[in-house]
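What follows is a single structure, written as structure tokens, with notes after it.
The values are calculated or read from the model by the stated rules, or taken from the named source; none is laboratory data. These figures come from a predicted structure and were not determined experimentally. SASA here: full protein model, heavy atoms, side chains in, ligands and nucleic acids out. Shrake-Rupley method; radii C 1.70, N 1.55, O 1.52, S 1.80 Å.
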Amino acid sequence: RKETDLTHFSLKIGGRAAEIKYAGNQLEYPGLDQLNAIVPSALQGAGRVDAVLTVDGVSSPPVQIQTR
């Protein structure tokens, strides 16, 4: 929370590094943060893949996202 330096963040989608464009407050709902990233084009049509966010060396549990 309140981290503004994107170098502290990394995101892997389907085991591939994704480019993070924004991480921070989402102004419409108090307490909700937002992360915007570009899904690697190599995952086009891959179906369900795991996404793992790491901030300051601490990784989230994997969540599945659907790609087309």
*Compute the Kirkwood hydrodynamic radius of segment 17-68, taking the inverse of the mean of 1/r over all pairs of distinct Cα atoms, and give it in Å to one decimal.*
12.5
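Averaged per residue, what accessible area in Å² does the chain show with a 1.4 Å probe, protein chains only?
With the other protein chains kept in place, the chain gives 75 Å² per residue.
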